[in-house]
1. Taking all protein chains as present, what is the carbon and sulfur share of the accessible area of segment 36-109, in % to the nearest whole number, probe 1.4 Å?
2. Could you calculate the FRET efficiency of Glu125 with Ile34 from 1/(1 + (r/R0)^6), where r is the beta carbon distance between them and R0 is 45 Å, rounded to 0.05?
3. Starting from the Cα of Val214, step 7 Å along the direction of its Cβ; do the same at Ala169; then give the gap between the two resulting points in nm.
4. Please say if segment 59-100 is rounded, prolate or oblate, where rounded means a/c under 1.5 for a ≥ b ≥ c the square roots of the C-alpha gyration tensor eigenvalues, and otherwise the choice is prolate for a/b larger than b/c and oblate otherwise?
5. Label Ser113 and Phe176 with points 7 Å out from Cα along Cα→Cβ: what is the distance between them in nm?
6. For Lys201, what accessible area in Å² do you get when you roll a 1.4 Å probe over the heavy atoms of the protein chains, rounding to the nearest 10?
7. Using alpha carbon centroids, what distance separates segment 94-172 and segment 30-84, in Å?
8. Using a 1.4 angstrom probe and counting only protein chains, how large is the accessible area of Arg89 in Å², to 10?
Amino acid sequence: MKNSSPQRERFSPERAYRPLVSPPSVEDKDACAIYASVRRDATPSHEPVELALSSLQKMLHRAGNVDGEGDGCGLLVDIPTKIWAEEVRQGGHNPSLALDDAFAVGHVFVERSQDLEKVRHGARELLGKAGFRILAERVGAVDSAALGPTAREEEPQFWQFAGLVPEAADADRAAFNLKVALEEKLGVHVASFSGHTCVYKVMGNPKVLGSYYVDLSDERAETIGKKRFYMGFSRQEFRFI
């Protein structure tokens with residue numbers, strides 16, 4: 001017997017979910033998406049980064065929207081040592097220091113209302129007093145044109161730095177303590193400061209994320225893949241209020 005009932009409409013996982021009727025409680029009904037990738041051979045490659053971005057795009061139905069833009073997504077990956085080795089070399093240092101156990105990288109967001117050079121000066125003093133030796137810095141390694149109108153209005157200044165902590169054996173604790181100190185004393189948002197990983201996040205969808213950060217489209221940005229790739233953080237993580 002032929003089924004006369006209308007077929008249920010199929011929804012694309014790559015499109016934002018918009019329920020016809022709002023659930024009684026968003027907190028009870030909705031959840032963010034998390035994607036994880038692991039390379040069995042533990043060989044660094046750029047492939048996991050590309051795979052993460054495409055996989056997050058397929059889970060866009062789990063993300064929210066702010067004025068028609070994605071409410072946020074990000075990647076937690078291994079430090080792209082090949083990129084930083086070149087930055088360290090251009091800074092007049094031995095590029096092999098990027099492979100040192102004491103090597104760490106910080107990603108910092110500074111509000112547009114703040115004086116970036118003043119913040120960087122204060123950060124260098126704070127880091128120097130703690131024994132951290134800066135080897136290389138980058139400012140604005142992003143493509144602002146990739147952002148939507150709302151995100152562009154709230155876009156912070158992006159500052160990256162890399163260097164050596166005093167003691168390699170205590171690198172994680174040192175980086176964490178410096179992260180807290182930078183945020184408390186300078187009023188910035190430190191997205192990541194670690195000797196192992198770094199975070200790239202944005203107010204927007206995964207396609208925006210991949211286009212916004214120059215590093216993520218760079219073949220030298222390699223990761224083993226034993227990291228998290230996530231969607232749906234609060235928009236305040238991009239506004240840093």
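The values are calculated or read from the model by the stated rules, or taken from the named source; none is laboratory data. The shown structure was predicted, so the numbers you read here are calculated from the model rather than taken from an experiment. Counting neighbours? That spans all protein chains shown, and the Cβs are built from the backbone with ideal geometry, glycine included. Areas reflect the complete protein model, heavy atoms only, side chains present, ligands, DNA and RNA absent. Shrake-Rupley method; radii C 1.70, N 1.55, O 1.52, S 1.80 Å.
1. On the way: 1600 of 3260 Å².
Carbon and sulfur: 49 percent of the exposed surface of segment 36-109.
2. Values: r = 38 Å, r/R0 = 0.83.
Given R0 = 45 Å and the Cβ-Cβ separation, E is 0.75.
3. Taking the simple label geometry, Val214 and Ala169 are separated by 3.9 nm.
4. Values: a/c = 6.83, a/b = 3.31, b/c = 2.06.
Because a/c hits 1.5 or more and a/b exceeds b/c, segment 59-100 counts as prolate.
5. For the pair Ser113/Phe176, the computed spacing is 3.1 nm.
6. 10 Å²
7. Between the Cα centres of segment 94-172 and segment 30-84 lies a distance of 21 Å.
8. Ignoring ligands and nucleic acids, Arg89 comes out at about 120 Å².
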